[in-house]
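Colleague: Dropping the structure in here first, questions after.
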Amino acid sequence: MPNLPPSWAFKVYSKLWLKLGDKPFSNESAQKIINSPTLNQALSRLKRDGCLIIARSPKDSRRSVYYLKNPELFIKEVVERYAASN
(Lines give C-alpha, C1' and ligand atoms only; values in the text may rest on other atoms or scores of the structure.)
Protein backbone atom coordinates (compact mmCIF):
# COMPACT_ATOMS: atom_id res chain seq x y z
CA MET A 1 0.00 0.00 0.00
CA PRO A 2 1.41 3.36 -0.92
CA ASN A 3 2.16 5.76 1.91
CA LEU A 4 4.04 9.00 2.07
CA PRO A 5 7.51 8.19 3.36
CA PRO A 6 9.02 10.23 6.20
CA SER A 7 10.99 13.29 5.11
CA TRP A 8 14.41 11.67 5.65
CA ALA A 9 13.51 8.80 3.28
CA PHE A 10 11.76 11.09 0.81
CA LYS A 11 14.98 13.14 0.51
CA VAL A 12 16.75 9.97 -0.62
CA TYR A 13 13.94 9.25 -3.10
CA SER A 14 14.12 12.82 -4.44
CA LYS A 15 17.88 12.78 -4.94
CA LEU A 16 17.78 9.40 -6.65
CA TRP A 17 14.85 10.40 -8.88
CA LEU A 18 16.61 13.59 -10.01
CA LYS A 19 19.75 11.63 -10.95
CA LEU A 20 18.27 8.35 -12.22
CA GLY A 21 14.61 8.86 -13.02
CA ASP A 22 12.93 5.55 -13.80
CA LYS A 23 16.16 3.80 -14.88
CA PRO A 24 17.14 0.62 -13.03
CA PHE A 25 19.98 1.03 -10.55
CA SER A 26 22.07 -0.98 -8.10
CA ASN A 27 22.81 -0.41 -4.45
CA GLU A 28 26.34 0.56 -5.44
CA SER A 29 25.19 3.27 -7.85
CA ALA A 30 22.74 4.59 -5.23
CA GLN A 31 25.61 4.81 -2.73
CA LYS A 32 27.60 6.92 -5.18
CA ILE A 33 24.72 9.40 -5.28
CA ILE A 34 23.64 9.37 -1.63
CA ASN A 35 26.83 8.34 0.27
CA SER A 36 25.08 7.81 3.60
CA PRO A 37 25.35 5.01 6.17
CA THR A 38 21.54 4.97 6.37
CA LEU A 39 20.98 4.37 2.64
CA ASN A 40 19.86 0.77 3.10
CA GLN A 41 17.36 1.87 5.77
CA ALA A 42 16.02 4.50 3.40
CA LEU A 43 15.70 2.02 0.53
CA SER A 44 13.90 -0.42 2.78
CA ARG A 45 11.51 2.30 3.93
CA LEU A 46 10.86 3.46 0.35
CA LYS A 47 10.05 -0.12 -0.62
CA ARG A 48 7.67 -0.47 2.32
CA ASP A 49 5.97 2.80 1.42
CA GLY A 50 5.49 1.72 -2.19
CA CYS A 51 7.75 4.06 -4.13
CA LEU A 52 10.63 1.64 -4.73
CA ILE A 53 10.48 -1.70 -6.50
CA ILE A 54 13.19 -4.30 -5.94
CA ALA A 55 13.72 -7.08 -8.48
CA ARG A 56 16.36 -9.68 -9.25
CA SER A 57 19.01 -8.64 -11.72
CA PRO A 58 18.49 -10.29 -15.12
CA LYS A 59 22.30 -10.58 -15.44
CA ASP A 60 22.97 -12.07 -12.00
CA SER A 61 20.10 -13.52 -9.96
CA ARG A 62 22.10 -13.10 -6.74
CA ARG A 63 21.93 -9.32 -7.07
CA SER A 64 19.05 -6.89 -6.82
CA VAL A 65 18.01 -4.11 -9.16
CA TYR A 66 16.03 -1.13 -7.90
CA TYR A 67 13.41 0.92 -9.72
CA LEU A 68 11.83 4.14 -8.47
CA LYS A 69 8.16 4.70 -9.16
CA ASN A 70 7.38 7.83 -11.10
CA PRO A 71 6.48 10.53 -8.52
CA GLU A 72 3.28 11.45 -10.36
CA LEU A 73 2.08 7.85 -10.28
CA PHE A 74 3.17 7.35 -6.68
CA ILE A 75 1.45 10.52 -5.40
CA LYS A 76 -1.70 9.62 -7.34
CA GLU A 77 -1.76 6.19 -5.65
CA VAL A 78 -1.33 7.81 -2.22
CA VAL A 79 -4.11 10.32 -2.88
CA GLU A 80 -6.46 7.60 -4.11
CA ARG A 81 -5.69 5.47 -1.06
CA TYR A 82 -6.43 8.30 1.35
CA ALA A 83 -9.58 9.32 -0.55
CA ALA A 84 -10.88 5.75 -0.43
CA SER A 85 -10.32 5.51 3.33
CA ASN A 86 -12.70 8.39 4.10
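Colleague: Mind giving me the nanometre distance, one decimal, between the label points for residue 77 and residue 8, set 7 Å out from Cα along Cα→Cβ?
Modeller: Rounded to a tenth, the inter-label distance reads 2.4 nm.
Colleague: Given only helices, namely DSSP H runs of n ≥ 4 each adding -39500 (n - 2.57), what is the per-residue ellipticity at 222 nm of the chain, to the nearest 500 deg cm²/dmol?
Modeller: After summing the helix terms and dividing by the residues of the chain, the value is -16500 deg cm²/dmol.
Colleague: Would you mind getting the accessible area per residue of the chain, heavy atoms of the protein chains only, 1.4 Å probe, in Å²?
Modeller: 69
Colleague: Can you list the lysines whose alpha carbon sits under 26 Å from that of residue 76, skipping same-chain ones fewer than 8 residues off?
Modeller: Reachable lysines: 11, 15, 19, 23, 47.
Colleague: For a label point 7 angstrom out from the Cα of residue 33 toward its Cβ, which stretches of region 1-24 have the backbone nitrogen within less than 17 Å?
Modeller: 5, 8-24
Colleague: At a 1.4 Å probe, what is the % contribution of carbon and sulfur to the accessible area of the chain?
Modeller: 53
The values are calculated or read from the model by the stated rules, or taken from the named source; none is laboratory data. Because the structure is a prediction, the values reported are computed rather than measured. Note: ideal-geometry Cβ built from the backbone for every residue, glycine included; neighbour counts use all protein chains shown. Quick note on the areas: whole protein, heavy atoms, side chains included, nothing else; ligands and nucleic acids left out. Shrake-Rupley method; radii C 1.70, N 1.55, O 1.52, S 1.80 Å.
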